[in-house]
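This report refers to the structure that appears directly beneath it.
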Amino acid sequence: MCCDLKRRFLLLYATQNGQAKAIAEEIWQQAGCQGFEADMHCISEMDKYNLETEKDPVVIVISTTGTGDPPDTARKFVKKIQDTTLPPDHFAHLQYGLLGLGDSEYTFFCNGGKTVDRRLQELGAQHFYDTGLADDCVGLELVVDPWIDGLWLALREALLLQKEKEGMSSSVSAVPSSLPAAPHVVHEVNLSSEVQNLKLEDEGAGSSDVLLQKSVDINLVPSTRDTEPSLVYSVPPVSQSALNIPALPSENIEVQFQDTHGENPHLSSLISEGATFEVPITRAVQLTREDAIKTALLLELDIADTAFNYQPGDAFCVICPNNASEVEELLQILGLSEKGEYFVCVKVKQGTKKKGAARPQHIPERSTLRFILTWCLEIRAIPKKAFLRALVECTSDVGEKRRLQELCSRQGASDYTRFIRDCGVCLLDLLHAFPSCKPSLNLLIEHLPKLQPRYYSVSSSNLYQPGKLWFVFNIVEFPACPARPVSRRGVCTGWLAKLVAPLLHPHRVMLDAKGGRLSNQKISIFARPNNTFHLPADTSVPIIMVGPGTGISPFIGFLQHRQKLKEEHTDWEFGDTWVFFGCRHQDRDYLFKQLRSFLENGTLTHLKVCFSRDSSTAEEAPPKYVQDVIRLYAKDVARVLLKERGYFYVCGDKKGMADGVSDAVVDILGMEMEVDRLEAMKILATLREAKRYLQDVWS
């Protein structure tokens, strides 16, 4: 708490995958330019700040994870403020501004931020600045950038009001004349510094205006063949604009190469979420035909010799590496091919001005360079604008430098969305597109986020088949596009598919690096329990399960579990079970035809299927999608939900399916209860709150 109290504010962030932290660091960076001192902490570091006694304004940046939960780093904080014994004026002294991050593809958009915001209000805290809710579906920067711009004036006013209340207004003037009078001025200052970076070794240049014009003349007028913008080319007005670009991020870490002796850390050391388990893959089945549009695989893991436990409906995480060939390609471009097996030491740079600068927690204290690029850094991550801004300084070609500046600027926001964000461009793509860009290893470690484990829904029951865990996934394919000229598979699904190739094709002899036959491959996993997406404790309650495609996965576990319970407890009452399943073609991607065996043994009461791409000769075309089938059983759905107090589960694609299903349910509720759409939506919201309408969806 050593900051200048006259200009200080407390800056807290709660992050799951690094987004909120990166934005908080951007606020921290800009705060210095604006004449403020941001006292920045992760919200989990509750020993380093105290909201109960905080007098200065508080800025909170918080993301959302799972099905609308606050991030893991905010769990203790949220639990603390949700203490029901706290009085309604507990935070009456507190003034704050909150920026929530979320994705409108999911039902509980920005719910992590909304939860904290609502509770702080209930405890008497006051906004000094309106809450911002940024949507990753359309681009966080559309809300984040203007929210940060407006923050500084709001902070000044809040601090002035605070001093007036303290009777000290005469000793604190509004803003020193040396500070910018409005947020946009600082960007003009940044642009001026950027112009200096475009000097092209021209020491005789007379002014920055001349330099800016020179860069336009040389680089920004497209040739006749480049009249359309692309990742590497711009057109007016962007190509002729003066640019508002972010401040250059400070360099805070350094990397030292050591020797080639030692061992890399165990993968479990990379995970802080709980115990990890290394388990063998004992079975692999391709559920789709070779000519199906998507390839779906079922893998079986042997967890018998571990303490790993799960319930049907839970998820778990797979610790996966980056693609080995992409790692080698990156080493080659960086000129570090010969250094891959060298151990490196990553530490904070001496003299860094960043408060609380530390070695990234996901980087081991000592490991080889190849290990870091393979297991620690998300080299496929879409580069953020701060990263692009840093890459500008590593680029020697003036045209490439200018284009990178455009892509991280306000004026180039739509180009950034179109050619980087929407195309899923990653660092390798940028280095190919801008060959004069030669970033340092320090820069990559500073800006590339942590390689995240991948989540999968469990597709089995430990009661039905003890010691076994099933999961199902589609092999994700990213086709080539102009901004990314190579096709790729998903980081984890592509890796898993390669691992299990010997199990899928046992007739092919697979040899390891030493020429021996490959044994069962092992992967590292850890639990990610789902607190709500479980079977009801009361087996007499009816359930409806909607899961097209791989969305059927958790419901296989549900049905296995129900079948075993029925076998073991013949005197129990069991409610009806409904499954609505859909896929493209009945003969190509009907993933679990054994659903019919559940129907035959009485575990499953009703099975309704549809096939969206199969042609029909019937007079009346059959329904194509699960939401269409659901409408055909409107009275049954209404009865289960309203009269029998049943549960409704949805798993699968959010935008293409889950929204359509919820619309169908709203229509059914409105029709059966004879109420308008708004009232029907309220009923569905009530079902959600009661945890009787549950979703496990992805975008």
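Per residue, how much accessible surface does the chain expose to a 1.4 Å probe? Answer in Å², no decimals.
On a per-residue basis, 46 Å².
Once you put a point 7 Å from the Cα of residue 50 and another 7 Å from the Cα of residue 538, both along the Cβ direction, what distance in nm separates them?
Going from the residue 50 label point to the residue 538 one covers 4.8 nm.
Each residue of the stretch 338-349 in order: what ³J(HN,Hα) in whole Hz does its phi give by Karplus 6.51 cos²θ - 1.76 cosθ + 1.60, θ = phi - 60°, with x for Gly and Pro?
7, 9, x, 8, 7, 6, 10, 10, 9, 9, 5, 5
For the chain, max minus min Cα coordinate along each principal axis, in Å, sorted largest first?
Cα spread of the chain along its principal axes, largest to smallest: 86, 69, 56 Å.
Under a cut-off of 21 Å between alpha-carbon atoms, report the lysines in cross-link reach of residue 566, not counting same-chain residues fewer than 8 places apart.
Filter leaves 468.
Per residue of the stretch 83-88, in order, report the coupling 6.51 cos²θ - 1.76 cosθ + 1.60 (Karplus, θ = phi - 60°) as ³J(HN,Hα) in whole Hz, putting x for Gly and Pro.
Karplus values, whole Hz, x for Gly and Pro: 4, 6, 7, 5, x, x.
Taking the alpha-carbon centroid of each part, what is the distance from the stretch 307-378 to the stretch 527-550 in angstrom?
36 Å
Rounded to the nearest angstrom and ordered from largest down, what semi-axes does the equivalent ellipsoid of the stretch 382-515 get from its C-alpha gyration tensor (root of 5λ)? Walk me through the numbers on the way to the answer.
Details: eigenvalues 303, 66, 43 Å².
Whole-Å semi-axes of the equivalent ellipsoid: 39, 18, 15.
What is the set of long-range amide H partners of residue 528 at a cut-off below 5 Å, with H atoms built 1.01 Å from backbone N?
Result for residue 528 returns 315, 316, 317.
Nearest 500 deg cm²/dmol is fine: what mean residue ellipticity at 222 nm does the chain get from its DSSP H runs of n ≥ 4 alone, each adding -39,500 (n - 2.57), divided by its residue count?
It comes out at -8500 deg cm²/dmol, rounded to the nearest 500.
Which distance in Å, rounded to a whole number, links the C-alpha centroids of the stretch 35-69 and the stretch 409-429?
What the calculation gives is 30 Å, centre to centre.
With a cut-off of 8 Å between alpha carbons and a minimum separation of six or more residues, what is the relative contact order of the chain in percent? List each step's numbers first, then the result.
Numbers: 1253 pairs, mean separation 80.5, N = 699.
Relative contact order comes out at 12 percent.
So how tilted is helix 208-219 from the main axis of the chain? Cα-based, degrees 0 to 90, rounded to 10.
50 degrees
At 1.4 Å probe size, put 532, 368, 85 in order of accessible surface, largest to smallest.
Numbers: 532 50, 368 5, 85 110 Å².
The residues order as 85, 532, 368, largest area first.
Tell me which lysines have Cα within less than 16 Å of residue 608's Cα, excluding those fewer than 8 residues away on the same chain?
593, 624, 635
Let me understand the stretch 543-697 better: what is its radius of gyration from the alpha carbons, and its Dmax, in angstrom?
15.7, 46
For the pairs 564/643; 643/682; 21/384, note any where the Cα-Cα span goes beyond 21 Å.
Details: 564/643 27 Å; 643/682 17 Å; 21/384 12 Å.
With Cα atoms farther than 21 Å apart: 564/643.
For the Cα atoms of the chain, what angle does the longest principal axis make with the long axis of helix 659-673, in degrees from 0 to 90, nearest 10?
So the helix axis and the longest Cα principal axis differ by about 60 degrees.
Round to a whole number: what % of the accessible area of the chain belongs to carbon and sulfur, probe 1.4 Å?
Heavy-atom surface of the chain belonging to carbon and sulfur, 1.4 Å probe: 50 percent.
Defining a contact as two alpha carbons under 8 Å apart and six or more residues distant in sequence, what relative contact order in percent does the stretch 543-697 show?
Computed over the stretch 543-697, the figure is 25 percent.
Averaging the inverse of every distinct alpha carbon separation and then flipping it gives the Kirkwood radius. What is it for the stretch 1-114, in angstrom units? Intermediate values should be presented prior to the final figure.
Numbers: mean 1/r = 0.0679 Å⁻¹.
Hydrodynamic radius (Kirkwood, Cα pairs) of the stretch 1-114 is 14.7 Å.
Measure out, as a whole number of angstrom, how far apart the alpha-carbon centroids of the stretch 444-475 and the stretch 576-629 sit.
That distance is 27 Å.
Quick one: helix 324-333 against the long Cα principal axis of the chain, what's the angle to the nearest 10°, folded into 0 to 90?
10 degrees
The values are calculated or read from the model by the stated rules, or taken from the named source; none is laboratory data. Everything numeric here is computed off the predicted structure, so don't read it as measured data. Please note: Cβ atoms are built from the backbone with ideal geometry, for glycine as well, and neighbour counts cover all protein chains shown. Heavy atoms of the whole protein, side chains included, go into the accessibility calculation; ligands, DNA and RNA do not. Shrake-Rupley method; radii C 1.70, N 1.55, O 1.52, S 1.80 Å.
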